[in-house]
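J.: Shown below is the structure under consideration.
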Amino acid sequence: MENILIGLGIFSAVTFVLSLLLLPWFIARIPTDYFTRPRDSDPWQVLLQPRALLRNLLGLPVLLAGIAMLVLPGQGILTIMIALGIMSFPGKFALEKWLISRKGVLQAVNWIRQKSHHSPLEVP
């Protein structure tokens with residue numbers, strides 16, 4: 001039991017440091033018009049492509065870390081948004097729009113973008 005708690009503490013510290021280091025980099029890479037440009041691809045067809053499978057395999061640990069950060073130290077909601085940006089699945093865009101519309105999330109994202117000399121995100 002003590003080893004599990006030590007492991008969780010180490011995991012928490014590592015995810016906290018990684019979120020502080022990587023989150024601004026990921027947020028700065030989001031295109032300004034991401035939420036306003038038209039979407040036209042079929043998400044079910046995209047899932048079958050090898051690139052989408054790789055993106056989902058890479059995004060899953062980031063998503064799990066974001067969910068863990070909801071109760072552990074770290075930027076949980078923002079990390080979940082980054083994971084969703086990496087992954088590809090049906091309904092992804094609607095979920096991202098819902099998350100960015102949460103109180104304070106858009107402000108935090110745009111503040112980070114401003115600090116890295118990028119334009120704020122356009123939202124409908």
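The values are calculated or read from the model by the stated rules, or taken from the named source; none is laboratory data. Remember, predicted model here, so these are calculated numbers, not experimental data. Note that each Cβ is placed from the backbone with ideal geometry, even for glycine, and that neighbours are counted across all protein chains shown.
J.: Test Ala28 against the criterion of being farther than 16 Å from Met87 by Cα, at pLDDT 85 or above and not basic (Lys, Arg), and give yes or no.
T.: When the stated conditions are applied, Ala28 passes them.
J.: Right, another one. With Ala28, Ala65 as the choices, which residue is small (Gly, Ala, Ser), within 21 Å of Glu122 (Cα to Cα) and under 13 Å from the mean Cα position of the chain (by Cα)?
T.: One residue alone meets the criteria, Ala28.
J.: Can you tell me how many residues in the stretch 105-124 are under 15 Å from the mean Cα position of the chain (by Cα) and in a loop (DSSP other than H, G, I, E, B)?
T.: Final tally of qualifying residues: 1.
J.: Scan the stretch 72-79 and tell me whether some residue there is modelled with pLDDT of 85 or more and surrounded by 15 or more Cβ atoms within 10 Å (Cβ to Cβ).
T.: no
J.: Which of the residues spanning the stretch 71-107 are of a type in the set (S, T, N, Q) and closer than 19 Å to Ser119 by Cα?
T.: Correct list: Ser101, Gln107.
J.: What pairs come up if the first residue lies in the stretch 86-101 and is closer than 16 Å to Leu48 by Cα, the second is among the polar types (S, T, N, Q), and their beta carbons are under 6 Å apart, counting only those six or more places apart or on different chains?
T.: From the stretch 86-101, the pairs are Met87/Asn56.
J.: If you don't mind, another one. Looking for something among the hydroxyl-bearing types (Ser, Thr, Tyr) and either in contact with an Asp or Glu (Cβ under 8 Å, 6 or more places away or on another chain) or at pLDDT 85 or above (or both) - is there at least one such residue anywhere in the stretch 39-54?
T.: No, because not a single residue in the stretch 39-54 is among the hydroxyl-bearing types (Ser, Thr, Tyr) and either in contact with an Asp or Glu (Cβ under 8 Å, 6 or more places away or on another chain) or at pLDDT 85 or above (or both).
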